[in-house]
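Have a look at the structure below before the remarks.
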Amino acid sequence: MSTKLSVIVPVYNEEENVQELHREIKEVCEREGYIYEIIFIDDGSTDRTAELTSQLDPVVLIQLRKNFGQTAGFDAGIKHAKYPYLVTMDGDRQNDPNDIPNLIKHLETNQLDVVSGWRKNRKDSFFKNFVSRGANFLRKILINDGIHDSGCSLKIYRKECFKGISLYGEMHRFIPAILKIKGFKVGEIVVNHRARTAGVTKYNWRRTIKGFIDMISVWFWNKYAARPLHLLGSIGIVLLILGTLSLSFTILSFFAGQGMSETAWPLLTTFLYLSGIQLFIFGLIADIILKSYFETTDDQSYSIAKIIENKNEDQLVG
């Protein structure tokens, strides 16, 4: 049976790359005998990217109304894809379509749900490599998803991975971590990385900051998505205990004849009590919100791999 896959490529002002990238993807898919679709998501380009892409064949072109960002492009493509395997990649031709067969082989051979590319020998500027290494170090500390290069867009997923999942911000960098939290099996292989030969990089410091904030969000989701009260409530209780100790020092100072205006203990006691009560209440509110979220969406705090149902035929008779 032929492998069926959707290749998803967000592009923004890549008029010099879309045609050649499409040719490479098409060549690989036809050489391997895949049943495939190529989905380009034009993320509000201001050049001829959309015009040139619309002339390609075969192609599915999704045009966003403005520049929403790469993660939004991936989300739109994933939601539109129709085949069971989803391959994502950048539109700047630095990812090599010839790695697609290796991704599929590794996924199937090891019975994985996700295979992420590892740009072991990156062809990027010193600044971009430096920031990426720092981000990977922080990600390993906070999330530890077992992936060397989560920022590599070249990945393959089984379509069922995205049931009930929507992407936002710079979350495409942390998809393997999100899916691993839900129990999906994640793997990685070394892929080819090519130097950019046309167009201008869209990487900047704003994306770095957004990525760090999203990393904190994934960390929180990993640790406390089901019960945020465990985090906020625990901190609140610790502050209340410290407030009680501070109150004890305040009382001792008072009986020792020291004026309340001469010491900071009363102020510290008030601060600790108010902070502790607020954090505990915030934890309760967050707990209620998350319960409402899980009850009103398709998302769940767990993921079912399979259901086996054995029926006794004798019980079905009569």
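The values are calculated or read from the model by the stated rules, or taken from the named source; none is laboratory data. What you are looking at is a predicted structure, and each value in this text was computed from that prediction instead of being measured. So basically every Cβ, Gly included, is an ideal-geometry build from the backbone, and we count neighbours across all protein chains shown.
Would you please name the residue that is nearest to the chain's Cα centre (by Cα), looking only at residues in the stretch 58-92 that are surrounded by fewer than 22 Cβ atoms within 10 Å (Cβ to Cβ) and over 24 Å from K159 (Cβ atoms)?
Taking the candidates together, the pick is N67.
Please list, ordered by residue number, the helices (runs of 4 or more DSSP H) wholly in the stretch 37-112 having 3 or more residues that are over 17 Å from E16 (Cα atoms) and touching a residue at least 40 places away in the same chain (Cβ under 8 Å).
Of the helices (runs of 4 or more DSSP H) lying wholly inside the stretch 37-112, those with at least 3 residues that are over 17 Å from E16 (Cα atoms) and touching a residue at least 40 places away in the same chain (Cβ under 8 Å) span 70-80, 100-109.
Quick one: I213 ticks every box in (1) modelled with pLDDT of 85 or more; (2) out of contact with any helix residue (DSSP H, G or I) (no Cβ under 6 Å at 6 or more places or on another chain) except a single one, so which number is it?
It fails just one condition, (1).
Residue by residue, here is whether (1) farther than 16 Å from D96 by Cβ; (2) modelled with pLDDT of 95 or more holds:
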position	(1), (2)
V9	no, yes
V28	no, yes
E37	yes, yes
D43	yes, no
R65	yes, no
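Hey, can you tell me all the residues within the stretch 218-273 that are at pLDDT below 70 and among the hydroxyl-bearing types (S, T, Y)?
The answer is Y224, S261.
Quick test for you: out of D298, D287, pick the one residue that is in a loop (DSSP other than H, G, I, E, B) and either modelled with pLDDT under 70 or under 30 Å from K185 (Cα atoms) (or both).
Just a single option satisfies the conditions, and that option is D298.
Taking the condition of being within 21 Å of A198 (Cα to Cα) and in contact with a His (Cβ under 7 Å, 6 or more places away or on another chain), how many residues in the stretch 40-62 meet it?
Here the count works out to 1.
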